[in-house]
Amino acid sequence: MKTWTDVAQDAVVSGTVACAATAATAAWRGTRDGNSAVAPINATSHVLWGPSAADVHVADLKHTASGLLINEGAGVFWAALYERLFGADADKGNAVRALAGGGIVAAIAYVTDYHLVPKRLTPGWEQRISGRSLALVYAALAVILPLRGLLRYWSQRQTSKPVPVSAGPYVRRRAMAALRHTARRPSKYAAANRFK
């Protein structure tokens, strides 16, 4: 498990990307379900401005900015939970556990958002998009949460020297010794010129 310092640092990155992904998915589905990409984002601001926020179809500072800020806070919160429980798996490149963890945290987020908190604290998307579209938003959250750790693992793997996975410690030691030996051994031409 990660330390809380690592969790906080990674959650800001993961949460911001999760916010962007969920907002983009909600906006995309808003155009399909209700002809307004901004309305689902504005609907999130019902936490501050009441149910009428879902009826705002244009971008404005009051509804859109506050809706995005609320979504960002929720994204960082769920990312912190993910990073604490499953972030180390993503950092180690365990894609199966990382993606399963993303699904688990997204399921917890859905149950919390729509079954545990009061109606005033829900994301509000359900007022502007269909249930199927809502499932896509949480699926986007599930896929995006592991992305930071998996990308970090893959980028570090690309820059590091490949080590044969199937080779045991004895084989690796022998291979490294052979590399060291060839690096120190002078060429046959250097040895021939030494005796002239």
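The values are calculated or read from the model by the stated rules, or taken from the named source; none is laboratory data. These numbers come from a predicted model, not from an experiment. Here Cβ is always computed from backbone atoms with ideal geometry, including for glycine, and neighbour counts include all displayed protein chains.
Things worth noting here:
- Residue that is surrounded by 22 or more Cβ atoms within 10 Å (Cβ to Cβ), under 30 Å from D89 (Cα atoms) and in contact with a Phe, Trp or Tyr (Cβ under 6 Å, 6 or more places away or on another chain), where the choices are A11, A26: A26
Here is a yes/no grid of residues against (1) at pLDDT below 95; (2) under 18 Å from R120 (Cα atoms); (3) not hydroxyl-bearing (S, T, Y):
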position: A27; (1), (2), (3): no, no, yes
position: S36; (1), (2), (3): yes, no, no
position: T44; (1), (2), (3): no, yes, no
position: W49; (1), (2), (3): no, yes, yes
position: A54; (1), (2), (3): yes, yes, yes
position: G67; (1), (2), (3): no, yes, yes
position: W78; (1), (2), (3): no, no, yes
position: Y82; (1), (2), (3): no, no, no
position: F86; (1), (2), (3): no, no, yes
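- Residues satisfying the criterion are absent from the range 101-115 (criterion: modelled with pLDDT under 95 and among the acidic types (D, E)).
- Flag if G93 is within 15 Å of the chain's Cα centre (by Cα) and outside any helix (DSSP H, G or I): yes
- Only listed residue being touching a Leu at 6+ places or on another chain (Cβ under 7 Å), of a type in the set (F, W, Y) and either within 14 Å of A18 (Cα to Cα) or not in a helix (DSSP H, G or I) (or both), chosen from Y138, Y82: Y82
- Only residues that are crowded, with 20+ Cβ neighbours inside 10 Å and in a helix (DSSP H, G or I) were counted across the range 48-63, and they come to 3.
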